[in-house]
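In what follows, a structure is listed as structure tokens, so that the remarks can point back to it.
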Amino acid sequence: MQKTLEVEKKAIKLVMIGDVLMAVLGLSFFYLTHSQAILMDGLYPFIDMVAGLMTLRVATLISKQANQNEPFGYAIYEPLLNFIKGIMVVVVIIFAIYASIHALLNGGRHVVADIAVFYAVVASLLGFVLSYFLHRMNRSVNSALIDVDLQGWLIGGVLSLAVGISFGFSMWLSHTDYKQWVPYTDPVVILVLVMLMLPMPLKVVKQNGLQLIGRFENAEISEEIEELVRNELKEDRFIGFEKRYFQFGRSIYVQLYIQMKPDADFNLQEADLFRTHLYHKLKQRYEYLAVDVIFTADPVWAKRPVEDAD
């Protein structure tokens, strides 16, 4: 856990440095080019910096264990923060779509193309380089917090590249017989690319939103739990079992309700050994884990937590 926390904090600080550089770069070149696309690149990092400060705090909180005041720990903060950040990226993309459509309906957008191309090259390189470093950092910890930032910077790099392509194309078009279309190149290219990128943040919003309401299901985890239970409990001792689990970011909470046969030779020591073995098996794959195992011979108590029972 400590390694994950350290890597996450380094990644968040790296992202905040990138935000500062991108904000200064974007606002400076907006003043020189009057490009709304560049203005968007400059304004979003200010929002992302605020989110970065929140992420630093959340990364520290979710590393703490459950206690009397927080019986389930601070796991809920991770999907909540990722949900908010995903919404922020979606809002930026929607703003870009609106700005592009507005420009298309009002004669296009006139910008200083040669300066804008230089900006786009620098900004896209910054986005892709930062995405690469975040990807390398996240390979060892597989953090959802880092992954959301990685996707955000990758989207930013692609959008900046789109700006460069559109401005480069408009420079070429201005020397042809179709120069009247030059003002439309910027909004058209931005519109196409942001529509292609929209599914990425929408996926982040959907997954983390489902976690917040307890509806997220991971088939791999579910199948692994079932296999472990069946391998460890002898068929002649139990009738069946019900399971439910909640996933909040990296944190997984598993509840098992095992219905034993009324005449099964099964004592508390064996129950504790089973719990310990199951926990350590799952812990090998899921670092942030909580497991509750309830044994009962009454089918009502096995069914009641997961469905209606009399």
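Each value in this text was obtained by applying a stated rule to the coordinates, not by laboratory testing. Being a predicted model, the structure only gives us computed values, none of them experimental. Here the Cβ is made from the backbone with ideal geometry for all residues, glycine too, and neighbour counts use every protein chain on show.
Where does helix 144-173 land angle-wise versus the long Cα axis of the chain, in degrees 0 to 90, nearest 10?
Between helix and principal axis, roughly 20 degrees.
Roughly what would the spin-label model give for Y31 and I294, points 7 Å off Cα along C-beta, in nm?
6.4
Report the residue, chosen from P262, P199, P187, that carries the largest GNM mean-square fluctuation when the chain is represented by alpha-carbon nodes joined by springs under 10 Å.
In this elastic network of the chain, the residue with the biggest mean-square fluctuation among P262, P199, P187 is P262.
Using amide H atoms built in the peptide plane, which far-off residues or other-chain residues are under 5 Å from L289 H to H?
Long-range HN contacts for L289: I252.
Which lysines does K9 reach when only Cα atoms under 30 Å apart count, and residues fewer than 8 places away in its own chain are ignored?
Filter leaves K64, K85, K203, K206, K281, K283.
Relative to the first principal axis of the alpha-carbon coordinates of the chain, what is the inclination of helix 113-138, with its axis defined by its Cα atoms, in degrees from 0 to 90 and to the nearest 10?
With rounding to tens, the tilt is 20 degrees.
Of the DSSP beta bridges with both residues in segment 219-303, give the percent that are antiparallel, rounding to the nearest 5.
Details: 10 of 18 bridges.
Within segment 219-303, antiparallel bridges account for around 55 percent of the total.
For a quick protection proxy, order the peptides 111-117, 293-299 by their average other-Cβ count within 10 Å, most packed first. Each step should come with its number before you reach the end.
Details: 111-117: 19.0, 293-299: 16.0.
The peptides rank, most packed first, as 111-117, 293-299.
Which far-off residues, 5 or more places away or on another chain, put their amide H under 5 Å from the one on I239, with H placed in the peptide plane?
Excluding prolines and chain starts, which carry no amide H, the hits are Q259, M260, K261.
Highest mean first, what order results for 239-245, 136-142, 251-257 on Cβ atoms within 10 Å? Spell out each step's value before the answer.
Numbers: 239-245: 16.0, 136-142: 13.6, 251-257: 20.4.
Packing proxy ranking, top to bottom: 251-257, 239-245, 136-142.
Calculate, in whole percent, how much of the Cα-Cα pair population of segment 228-310 lies beyond 21 Å.
Values: 1022 of 3403 pairs.
So the pairs more than 21 Å apart make up 30 percent of the total in segment 228-310.
Tell me the label only: which of (1) 1.15; (2) 0.95; (3) 1.22 is Rg/Rh (Cα atoms, Kirkwood Rh) as calculated from this structure?
(1)
On C-alpha positions alone, give me the angle between the axis of helix 199-212 and the longest principal axis of the chain, in degrees, nearest 10.
With rounding to tens, the tilt is 30 degrees.
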